[in-house]
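Working notes for the structure below.
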Amino acid sequence: MYQAGISGEKSLNFPLSFLDDKRFSIYHDLRIFDGVHYFQIDTLVVTQHYLLILEVKNISGTLMFDPTFNQLIRISDTKEEAFPNPLTQVERQRSQLRALLQKMKIPEVPIETLIVVANRRAVLKATEEVQFISSKVIRNEYLPTKVHSLDQQYDDERLSMKEVRKLGRTLVKLHEPLERDVLKRFSISRDDLLVGVACPECARLAMQKLHGRWYCERCGAYSRNAHLRALQDYALLVSKEITDQEARRFLRMDSGDAATRLLKSLKMESTGSTKGRRYKLDFRFLMFRGIN
């Protein structure tokens, strides 16, 4: 689910690249405490004229928006699943953001919301209120056109550039990333984890490192980047930092020097001296490296 969400957010990079970076400030994955509750915004676009909250949905199948029962129904083959209504979700985000801006003594500025469907194969439908829903739910390629329409709708300058920069600095300062201790949540010991690099073809543990590639003895598959998925697992399950010795044990590598070379080749941020160096595992970076 997390990976699908990140892929959906990544799909916004292209349509957002059409926006003038001198006029539009864009913030991703904001998670802020409003004094009572945390609220999270996938993407926030800040201008001098208005703010725009983008909620990204990367869901396949037929998506039926049902305002009567306040739900989103996903129809896939003969199966139906109910999801929380994203329109209600973004309205709550707008309310919390507006209250936060008031506390920050930011001048009142219009806040618009959009649901952006990132999955190209998704079919969009609505049980009723079709005109309203179609104005709030768009496909990602339509985003630049929708922003242009908002520019024409809001031509009054509400914020100075100084206030825009102040708002951006404050939002970044208030941002608190969500930390999940999965092992603690499910009462699993770190020693219970199966270690090694899983084969991307047959999922067997553990592949061997041979001549710069990972080799699976079971199915004969080779891979150059199978270790990226294992390091993703480590970042999500154990820690977002890793030493060369920890990498050697978790990847089941024979050589500590080979583990050091592997980590250095990823060009990730690190801290500490050579012997005690800790590499920072960025889940997004590892995932994108595995995709590209």
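Quick note: the coordinates plus some simple rules give every number you see, no bench work behind them. As the structure is a computational prediction, the values presented were derived from the model and not from experiment. Note that each Cβ is placed from the backbone with ideal geometry, even for glycine, and that neighbours are counted across all protein chains shown.
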* Structure fact -> Computed over the chain: longest principal axis from alpha-carbon atoms vs helix 86-103 long axis, angle to nearest 10 degrees, is 80 degrees
* Structure fact -> Given [x] 185; [y] 172; [z] 122 as possible values of volume of the Cα convex hull per residue in Å³, the one from the coordinates is [x]
* On full extension of the chain, what length is gained from Phe33 through Glu179, given 0.36 nm per residue of separation minus the C-alpha to C-alpha distance? -> 51.1 nm
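Tell me the volume per residue, in Å³, of the convex hull enclosing the alpha carbons of region 1-126. The partial results should precede the final answer.
On the way: hull volume 15.8 nm³, N = 126.
So the per-residue Cα hull volume is 125 Å³.
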* For region 110-170, give the magnitude of the charge dipole about the Cα centre (Cβ charges: +1 Lys/Arg, -1 Asp/Glu; no others), in debye to the nearest 20. => 440 debye
* To do: In whole Hz, with x marking every Gly and Pro, tabulate ³J(HN,Hα) for region 51-57 from phi via Karplus 6.51 cos²θ - 1.76 cosθ + 1.60, θ = phi - 60°.
  => 10, 10, 8, 10, 9, 9, 10
* How much length, in nm to one decimal, is gained on full extension between Met161 and Thr62, taken as 0.36 nm per residue of separation minus their Cα-Cα distance? -> 31.4 nm
* Asked: What is the set of long-range amide H partners of Glu241 at a cut-off below 5 Å, with H atoms built 1.01 Å from backbone N?
  -> Leu281
* **Difference of contour (0.36 nm per residue) and Cα-Cα distance, Leu124 to Lys275** => 48.9 nm
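Taking the Cα centre of the chain as origin, sum charge times position over the Cβ atoms of Lys and Arg (+1) and Asp and Glu (-1), and report the length of that vector in debye to the nearest 20.
Dipole size: approximately 1200 debye.
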* Asked: Using θ = phi - 60° and the Karplus curve 6.51 cos²θ - 1.76 cosθ + 1.60, what whole-Hz ³J(HN,Hα) does each residue of region 169-185 get, with Gly and Pro shown as x?
  -> 4, 5, 4, 5, 5, 7, 4, 10, x, 6, 10, 10, 9, 5, 4, 5, 4
* If one computes the Cα centroid of region 253-284 and of region 61-117, what distance in Å separates the two points? -> 41 Å
* Structure fact -> At R0 = 25 Å the Cβ-Cβ FRET efficiency linking Asp21 and Arg139, nearest 0.05, sits at 0.65
* Structure fact -> Measuring from its Cα centre, region 147-232 shows a charge dipole (+1 at each Lys and Arg Cβ, -1 at each Asp and Glu Cβ) which, in debye to the nearest 20, is 460 debye
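Dividing the Cα radius of gyration by the Kirkwood radius, what Rg/Rh value follows for region 182-291?
Details: Rg = 13.6 Å, Rh = 14.3 Å.
Across region 182-291, the Cα-based Rg/Rh ratio is 0.95.
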* More than 19 Å apart: what percent of Cα pairs in region 125-245 qualify? -> 73 percent
* Structure fact -> For Thr113, the residues 5 or more places away or on another chain with a placed amide H closer than 5 Å to its own amide H are Ile53
* To do: With springs only between Cα atoms under 10 Å apart, run a GNM on the chain and tell me which of Arg98, Arg261, Arg74 wobbles the most.
  => Arg261
* **Mean Cβ neighbour count within 10 Å, used as a protection proxy, ranking 182-190, 237-245 highest first** => 237-245, 182-190
* To do: Enumerate the lysines that Lys105 could reach by cross-link, defined here as Cα to Cα under 22 Å, with residues fewer than 8 away along the same chain left out.
  => Lys162, Lys166, Lys173
